[in-house]
Structure formats: C-alpha cells, structure tokens
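Note sheet for the following structure.
The values are calculated or read from the model by the stated rules, or taken from the named source; none is laboratory data. All values derive from a computational prediction rather than experimental measurement. Glycine also receives a Cβ, built like all others from the backbone with ideal geometry; neighbour counts cover every protein chain displayed. Side chains included, ligands, DNA and RNA excluded: accessible areas come from the protein's heavy atoms. Shrake-Rupley method; radii C 1.70, N 1.55, O 1.52, S 1.80 Å.
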Amino acid sequence: MSKFESSIKQIPYPVEDVYRNISDLSNLEKVRDGLPKDKVQDFTFDSESVSVNVPPVGALKLRICDREENRCVKFETLQSPLPFNVWVQVLPVDETSSKMKVTVKAEIPFMLKGMVSGPLQDGVEKIADALSMIPYV
C-alpha cells in the first residue's frame, strides 16, 4: 500500500464549518462551476458519494465510509482503475481557523508505481489546494 500526503493547508474558517461541508458531499455544488471541463467530466454527487470521469484515468466513484466529527472524513472507492482510500483531516487552529491535510492510500502494482506516483502526489496536493479555497460558510 502506497501513501501520499498533501502539505498542511490553512483554512480561514472554524473547524465545525469545514467539517460540516466536507462530511456532506451535496455541498460540492459550491465548486461545480470551478472545475476544469477538460479535466473533469460527468461530475455527479449526492450527500454520501461522488462520481467523476477524469481523462485519462477513467471513471472514479467514491463514497464516505467513516466520519469523525470535526476531525476526519474517510472515503473508499466504489469504482476506480486502482483501489484507494482518501482521508480528509481537519483540525482547529483557533476559534476562527483550521488546518487540513489530504491523505491517499492506494494499492499500486510495483510495475506501475514509478509511472503513477508523481501524478498521484500532484493530484493529492491539488485536491488539498482546492479544498482550502472553498468558502465554508
């Protein structure tokens, strides 16, 4: 199992607001218009799952499998070329701000590891960047 972690992102919103938004995927409506149409297709979601087609990776479907209130939301793959899990951890900094980190653990065959590790690390960092820019109100 390979592990990929984002850098820690500072978020100018209280941990309760951030957690409330990331633990209910219907809040993804806020970011729909900001997604690059050439890189993200067939973007659908409900409160528990999200589906997207990412060329050239293919179709991905994730669902929330665990929540730790005001701390962490865990996702598992339902459809993916490679099985993986995602953790979005959020912790308070003070009453008005928090910090976040995204972690992905993936089962990558040895022969593919060299080809996918760099792009996967970049992807984890981009997800964390995008999550840190959402207005969590």
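Observations, loosely collected:
- Qualifying residue in region 43-63 (condition: within 13 Å of Ser23 (Cβ to Cβ), out of contact with any helix residue (DSSP H, G or I) (no Cβ under 7 Å at 6 or more places or on another chain) and part of a strand (DSSP E or B)): yes
- In region 119-137, the residues that are touching a residue at least 24 places away in the same chain (Cβ under 8 Å) and farther than 20 Å from Tyr19 by Cβ never reach a residue that is exposed (fewer than 15 other Cβ atoms within 10 Å of the Cβ) and among the charged types (D, E, K, R) with C-beta atoms less than 9 angstrom apart, at least six apart or across chains.
- Search result, residues across region 85-110 that are open to solvent by 40 Å² or more (accessible area, probe 1.4 Å) and either touching a strand residue (DSSP E or B) at 6+ places or on another chain (Cβ under 8 Å) or hydrophobic (A, V, I, L, M, F, W, C) (or both): Asn85, Trp87, Gln89, Leu91, Pro92, Val93, Lys99, Lys101, Lys105, Glu107, Phe110
- Criterion (among the charged types (D, E, K, R), farther than 18 Å from Tyr19 by Cβ and surrounded by fewer than 16 Cβ atoms within 10 Å (Cβ to Cβ)) met by exactly one of Lys37, Lys30: Lys37
- Residue satisfying condition, being part of a strand (DSSP E or B) and more than 23 Å from Cys65 (Cβ to Cβ), within set Val93, Val102: Val93
- Number of the exception - Ser47 against (1) free of Cβ contacts under 8 Å to residues at least 60 places away in the same chain; (2) out of contact with any Ser or Thr (no Cβ under 9 Å at 6 or more places or on another chain); (3) surrounded by fewer than 16 Cβ atoms within 10 Å (Cβ to Cβ): (2)
- Single match in Pro12, Pro55 (criterion: over 19 Å from Val124 (Cβ atoms) and either free of Cβ contacts under 8 Å to residues at least 12 places away in the same chain or not charged (D, E, K, R) (or both)): Pro12
- Yes/no for Ser80 being among the small types (Gly, Ala, Ser) and either under 12 Å from the mean Cα position of the chain (by Cα) or over 22 Å from Pro36 (Cβ atoms) (or both): no
- For region 69-84, the candidate set comprises residues that are at pLDDT 95 or above and part of a loop (DSSP other than H, G, I, E, B); within that set, the residue that is surrounded by the most Cβ atoms within 10 Å (Cβ to Cβ) is Asn70.
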